[in-house]
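Supplied in structure tokens, the structure appears directly below.
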Protein chains: 4
Amino acid sequence: MKFKIEGVFPPIPTSFDNDGNILHDKIKANLARWNATGLHGYVVLGSNGEYVSLDEKEKCAVWETAREAIPREKTFFAGAGAESMRAALSLVQHAARIGADAAMVVTPYYYKPQMNAAALIAHYRAIADASPIPIILYSVPVYTGIDLDVSIVIELAKHPNIVGIKDSAGNIGKYSEMIRAVRADFALLAGSGGVFYPALCVGAKGCVPALANVAPRECVEIFDAFKRGDHARAKEIQLRVYALNAAVTAHWGVPGMKAALDELKEFYGGPPRLPLQSLGDVERIALKKIMRDAGVIK
Amino acid sequence: MKFKIEGVFPPIPTSFDNDGNILHDKIKANLARWNATGLHGYVVLGSNGEYVSLDEKEKCAVWETAREAIPREKTFFAGAGAESMRAALSLVQHAARIGADAAMVVTPYYYKPQMNAAALIAHYRAIADASPIPIILYSVPVYTGIDLDVSIVIELAKHPNIVGIKDSAGNIGKYSEMIRAVRADFALLAGSGGVFYPALCVGAKGCVPALANVAPRECVEIFDAFKRGDHARAKEIQLRVYALNAAVTAHWGVPGMKAALDELKEFYGGPPRLPLQSLGDVERIALKKIMRDAGVIK
Amino acid sequence: MKFKIEGVFPPIPTSFDNDGNILHDKIKANLARWNATGLHGYVVLGSNGEYVSLDEKEKCAVWETAREAIPREKTFFAGAGAESMRAALSLVQHAARIGADAAMVVTPYYYKPQMNAAALIAHYRAIADASPIPIILYSVPVYTGIDLDVSIVIELAKHPNIVGIKDSAGNIGKYSEMIRAVRADFALLAGSGGVFYPALCVGAKGCVPALANVAPRECVEIFDAFKRGDHARAKEIQLRVYALNAAVTAHWGVPGMKAALDELKEFYGGPPRLPLQSLGDVERIALKKIMRDAGVIK
Amino acid sequence: MKFKIEGVFPPIPTSFDNDGNILHDKIKANLARWNATGLHGYVVLGSNGEYVSLDEKEKCAVWETAREAIPREKTFFAGAGAESMRAALSLVQHAARIGADAAMVVTPYYYKPQMNAAALIAHYRAIADASPIPIILYSVPVYTGIDLDVSIVIELAKHPNIVGIKDSAGNIGKYSEMIRAVRADFALLAGSGGVFYPALCVGAKGCVPALANVAPRECVEIFDAFKRGDHARAKEIQLRVYALNAAVTAHWGVPGMKAALDELKEFYGGPPRLPLQSLGDVERIALKKIMRDAGVIK
């Protein structure tokens, strides 16, 4: 592969105005600033990019904008999942044409009782067979209700065009089990910034944390400290940013992450698309306190 | 309203060939046969219509086909939900233009932790305010992970353009609670054929059962028996079809329902879109036995 | 059998003083009043009897008190489950000695992942084989986390000494499935007063509702109305008492039921054993409103 | 405190014969062997000790046997929870009299909907106030369905006689959050051997793993390697024993752990009390393979 799946890759937000229209300039400006922080790449149109609220034309436009703003030495993962295999494959092919390095494909999730091992394996294999770019599995049970089983991951990791997984469940035990069982160059990316350091300890290659949008330097520092063997420093930062991570994920979700970007001033957060609701004043005050405790604002 | 929300309204399947292309002729032929069975109308593009696997253009085409094949005296509900408010509203407006009587709008469900009362109420109010046709709420927790709370339904039932709910959870206690609290002409439609008769007992107006695709006469007979006060007959049929209902919903889902249609010969079932998997031979044999026990084949 | 498993059987509370000591006189006085209401019998030491908070000696003492106060023509079910088979059997044998008509045996539930069909079937068979009195299965997933599967019930219903089930999940679809599959004299007792009437509609023989402690006449009237074919009346009462049922079960549990008894004046409710907490003033005001709406106080 | 809450503390099994009678000699013999492995102490009558299947007299007898066999320099935690506060306190006082160093008190769990923060905090405070020995909180959601919330732990950690928590959920994110918020000498003990090393990384003091019954040396080696800063070695063992841990916990539970002890030859496993079922031949073969992969047998 010509790109690296190692490091910190924030799932960047899609910027909207108050009517829900996409603001491509804001996406570019945000990327310009993140580019200066040591991040190793980006996921464009993950859950934090509100991909479920964009139509196919909008998705391609956002990827094109991102492609212009992401330097070639940083990795560009395109979030490209859909409920049907044909729709997912169509998105993956678009992403390849636009120049994404790899496609991150979420598990199909609507027909949960039927999404057994046979269906999931068939889905990913068909896409990986036909995709011009490598595929990363994406399991995010908090949103999908589907927790990709270790046995399925092990099976799919045998496919030469499936090169990793972003697992957002944050179950370190499951990470350990997976890492021992798959080939050495199959990359596990933790999907939650709250367990980045312990995930690295058991063998994760990196992280795709919403947290890295609002605390890019802290996330990179956890990675760097771990790499140089400074466990005390990695642990110290990890514990300090834990509450902020929860605030912009489990607690307030995408609207919380966008509100935190607004508080940082240098970034554009803005509103989410409806029915997601922007944070109210009370929540914003609580969020600011959490950001101060984490050391990302004063 | 010019249409009735009382009776049996199957959520019809979308017919595909083996490559996943839509077969409009098969949809029409199926409707022609169902029209002869006493059914009171149809839901076009509910969960059983695989709406999540169709793009917007395909959805409009299926609605147009259905509009041609559904007589004006039968009710035409268009399944028209989407993750974002703007996309859902766009679909509802399409459905109105095509001539649907009402739109059935599923709860948004991806950002589950953020789909609180405020978000859900805002979503439905904005759509109902702008929709040219009445709105039916649609709660289907088995697929969405969101069980619309009674308090939210009570609040939304105050909106003049929200006229009913399809609740697929099958919780008869919840049905009772809802029915006592909402206005008399707000229609509760049971979403599961397995509880049609007891739902009628506590005040439901009708049902939207996948079961009615494969056992239309039995479902209509439950309704008619109840209406004429023949509880023994309604109970007898209900218990007899229970296992078949489970087979084409919880157990084998859309692929099971399509396989049952194929067994009936007079209808076209065909394959689902991938990654949904067609039933294998072993399952088909088990399904046939269940259909025989229910009395829908010999 | 010399006793009837048909009708309304409240799971009576165990009366305590403020130090948590059992008040046997209050239990007797309560039973004397319930005896005058048309109830068909009682469950002594079900979940509402706080059986998990009593030691074995206390359980026997409560059963003895109940035996004295329950007329022979009313059915006396003894709640007699325990985590281990040997402890459950010991309790069942005690209950038989004291003169209970049947023993209601809750599913073991602590080792949930190991409580598969083999373990549960072995548990109940061993007890039923050795018990001098008939056994009623008791499934109450809200407390135990174990929802006894229909296939297990069907298997156990073949045992001559297992004569019924109290199923508190309130899933009317599951009730239908069970009733069609088991022998005609195997009694399904609904475990929730919120679905008593629809449960009767699909074939339940009766109910074991916490609601019947605080609204005995209403529960008996639902049963009587159904028996004489007056569905309108049964439905009317069912919908009227739904919220009260929720208040004394899902919402406020045993402390709510005890507080409601205190509001009725003629009964003794009193405090639960710690750590269960008595209702506060705000909750008591809300409870009174619900009781007034249900027509059980003015 | 005169004892240490740091290191590896297996929750030892209670030994039974085929009729379910306690074998005190086997308990002693097992302890004698574990004493030679570097373990730092024991939990006697945790979930793995089948405490829910023992009556009060049996519990005291097992503690007495353990007290004789556990050297004073190793920590003796007594598992001493019960559904009611009065029963739990009585057990804690027994444990103190027998000479346990601290009592591990499981959350009450039967009345789940009522086990809110107020009830849980009241329960633990009342016990800690009256207990002659320190209290360790015990949260084990797989069995109880109650996951002790971080906010409750933080509140209870302020009590001088509540000195730690055994948290079996294995959620490393939650561990991080807790450790940052509680006083420095409040000990977090991981409840699962599958996350021992990453738990240490974020600040846990030790572990109470069923795994340590069957792989005591490996668990001690993880702890020692971590203490001397040898992360590579700690990780290597952790990944190697992961599957064995799953086998004797989530997968086959107490019967699996007992079967593994039998395979080791030097220990007595024996049968669990019914309704827990001993492993069958097929499972024993699979278990042996897992033990070989983990390096605990050849």
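For residue B:82, all conditions in the list (1) modelled with pLDDT under 95; (2) surrounded by 17 or more Cβ atoms within 10 Å (Cβ to Cβ) hold save one; what is the number of the exception?
The single condition residue B:82 does not satisfy is (1).
For residue C:232, only one of the following conditions fails: (1) in a loop (DSSP other than H, G, I, E, B); (2) of a type in the set (Gly, Ala, Ser); (3) open to solvent by 10 Å² or more (accessible area, probe 1.4 Å). What is its number?
(1)
Residue under question is residue A:71, and the condition is that it be in a helix (DSSP H, G or I) and surrounded by fewer than 18 Cβ atoms within 10 Å (Cβ to Cβ); does it hold?
Numbers: in a helix (DSSP H, G or I): no; surrounded by fewer than 18 Cβ atoms within 10 Å (Cβ to Cβ): yes.
It is false that residue A:71 is in a helix (DSSP H, G or I) and surrounded by fewer than 18 Cβ atoms within 10 Å (Cβ to Cβ).
When the stretch C:286-298 is examined, which residues are found to be open to solvent by 20 Å² or more (accessible area, probe 1.4 Å) and farther than 17 Å from residue D:114 by Cβ?
C:288, C:289, C:290, C:292, C:293, C:295, C:296, C:297, C:298 - these are the residues of the stretch C:286-298 that are open to solvent by 20 Å² or more (accessible area, probe 1.4 Å) and farther than 17 Å from residue D:114 by Cβ.
Output the qualifying pairs, or none if there are none: Cβ atoms under 6 angstrom, residues six or more apart or on different chains, first residue in the stretch A:224-248 and at the interface with another protein chain (Cβ under 10 Å from one of its Cβ atoms), second residue assigned to a helix (DSSP H, G or I) and charged (D, E, K, R).
Taking only residues 6 or more apart or on different chains, the pairs are A:239/D:180; A:241/A:218; A:242/D:177.
Shifting gears a bit: For a quick check of your reading of the model, give me the residue pairs whose first member lies in the stretch A:66-87 and is within 14 Å of chain B (Cβ to nearest Cβ), whose second is assigned to a loop (DSSP other than H, G, I, E, B), with beta-carbon atoms closer than 6 Å and at least 6 apart or on different chains.
These pairs meet every condition: A:79/A:45; A:79/A:46; A:83/A:108; A:83/A:110; A:84/B:273; A:85/B:274; A:85/B:275; A:86/B:20.
Further, regarding this structure: Is it the case, given these coordinates, that residue A:283 is under 27 Å from residue D:172 (Cβ atoms), within 14 Å of another protein chain (Cβ to nearest Cβ), without any contact (Cβ under 8 Å) to a residue 12 or more places away in the chain and surrounded by fewer than 24 Cβ atoms within 10 Å (Cβ to Cβ)?
The answer is no for residue A:283.
Based on this model, can you work out whether residue C:129 counts as out of contact with any Gly (no Cβ under 6 Å at 6 or more places or on another chain), touching a residue at least 24 places away in the same chain (Cβ under 8 Å) and more than 13 Å from every other protein chain (Cβ to nearest Cβ)? Before you say what the answer is, go through the steps one by one.
On the way: out of contact with any Gly (no Cβ under 6 Å at 6 or more places or on another chain): yes; touching a residue at least 24 places away in the same chain (Cβ under 8 Å): yes; more than 13 Å from every other protein chain (Cβ to nearest Cβ): no.
Spelling it out, it is not the case that residue C:129 is out of contact with any Gly (no Cβ under 6 Å at 6 or more places or on another chain), touching a residue at least 24 places away in the same chain (Cβ under 8 Å) and more than 13 Å from every other protein chain (Cβ to nearest Cβ).
Can residue A:19 be described as assigned to a helix (DSSP H, G or I), without any contact (Cβ under 8 Å) to a residue 24 or more places away in the chain and acidic (Asp, Glu)?
no
Kindly establish whether residue B:124 is over 29 Å from residue B:270 (Cα atoms) and of a type in the set (Phe, Trp, Tyr).
yes
Within the stretch A:16-27, is there a residue that is within 30 Å of residue B:19 (Cα to Cα), open to solvent by less than 30 Å² (accessible area, probe 1.4 Å) and at pLDDT 95 or above?
No, that holds for no residue.
When you check residue A:161 against the structure, is it over 28 Å from residue B:255 (Cα atoms), open to solvent by 10 Å² or more (accessible area, probe 1.4 Å) and over 19 Å from the mean Cα position of the chain (by Cα), yes or no?
Yes, satisfied.
Table: residues versus (1) over 25 Å from residue A:53 (Cα atoms); (2) in contact with a strand residue (DSSP E or B) (Cβ under 7 Å, 6 or more places away or on another chain); (3) of a type in the set (S, T, N, Q).
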residue	(1), (2), (3)
A:90	no, no, yes
A:100	no, yes, no
A:111	no, no, no
A:122	yes, no, no
A:127	no, yes, no
A:133	no, yes, no
A:156	yes, yes, no
A:168	no, yes, yes
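Consider the stretch B:256-280. How many of its residues are open to solvent by less than 10 Å² (accessible area, probe 1.4 Å) and either over 24 Å from residue B:32 (Cβ atoms) or assigned to a helix (DSSP H, G or I) (or both)?
8
Moving on to the next point. Residue C:237 is checked against (1) open to solvent by 10 Å² or more (accessible area, probe 1.4 Å); (2) in a helix (DSSP H, G or I) and fails just one. What number does that condition carry?
(1)
I've got another one for you. Take the residues of the stretch A:170-179 that are more than 19 Å from residue A:242 (Cβ to Cβ) and among the aliphatic types (A, V, I, L, M): which is nearest to the other protein chains (Cβ to nearest Cβ)?
A:179
Does residue B:41 satisfy the condition of being within 13 Å of chain A (Cβ to nearest Cβ), closer than 21 Å to residue B:166 by Cα and either more than 17 Å from the chain's Cα centre (by Cα) or open to solvent by less than 10 Å² (accessible area, probe 1.4 Å) (or both)?
No; evaluated as a whole, the condition is false for this residue.
So which pairs qualify, if the first residue must be in the stretch A:48-64 and assigned to a helix (DSSP H, G or I), the second must be of a type in the set (Ser, Thr, Tyr), the Cβ gap must be under 7 Å, and the two must be at least 6 apart or on different chains?
Listed pairs, sorted by first residue: A:49/A:14; A:52/B:110; A:53/B:84; A:59/A:51; A:62/A:14.
For (1) closer than 28 Å to residue B:246 by Cα; (2) crowded, with 18+ Cβ neighbours inside 10 Å; (3) more than 12 Å from chain B (Cβ to nearest Cβ); (4) acidic (Asp, Glu), each residue gets a yes or a no:
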| residue | (1), (2), (3), (4) |
| --- | --- |
| A:107 | yes, yes, no, no |
| A:111 | yes, yes, no, no |
| A:121 | yes, no, no, no |
| A:138 | no, yes, yes, no |
| A:145 | yes, yes, no, no |
| A:148 | yes, yes, yes, no |
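Yes or no: the stretch D:194-212 includes at least one residue that is modelled with pLDDT of 95 or more, farther than 26 Å from residue A:200 by Cα and open to solvent by 10 Å² or more (accessible area, probe 1.4 Å).
Checking the stretch D:194-212: not a single residue is modelled with pLDDT of 95 or more, farther than 26 Å from residue A:200 by Cα and open to solvent by 10 Å² or more (accessible area, probe 1.4 Å).
Just to be sure, is residue B:289 out of contact with any Leu (no Cβ under 9 Å at 6 or more places or on another chain), within 12 Å of another protein chain (Cβ to nearest Cβ), modelled with pLDDT of 95 or more and farther than 14 Å from residue B:9 by Cα?
no
What number goes with the only condition from (1) more than 9 Å from chain C (Cβ to nearest Cβ); (2) in contact with a Lys or Arg (Cβ under 8 Å, 6 or more places away or on another chain); (3) not polar (S, T, N, Q) that residue B:201 does not pass?
It is condition (1) that residue B:201 fails.
Can you pull out the residues in the stretch A:83-93 that are within 18 Å of residue B:56 (Cα to Cα) and either part of a helix (DSSP H, G or I) or among the hydrophobic types (A, V, I, L, M, F, W, C) (or both)?
Selection gives A:85, A:86, A:87, A:88, A:89, A:90, A:91.
Then there's this: Kindly indicate whether residue B:182 is more than 14 Å from chain A (Cβ to nearest Cβ), open to solvent by 10 Å² or more (accessible area, probe 1.4 Å) and of a type in the set (A, V, I, L, M).
Yes.
The values are calculated or read from the model by the stated rules, or taken from the named source; none is laboratory data. What you see is a predicted model, and the numbers here were worked out from it, not measured in a lab. Every residue, glycine among them, receives a Cβ derived from its backbone with ideal geometry; neighbour counts consider all protein chains shown. Heads up: the accessible areas ignore ligands, DNA and RNA and are worked out on the full protein's heavy atoms, side chains in. Shrake-Rupley method; radii C 1.70, N 1.55, O 1.52, S 1.80 Å.
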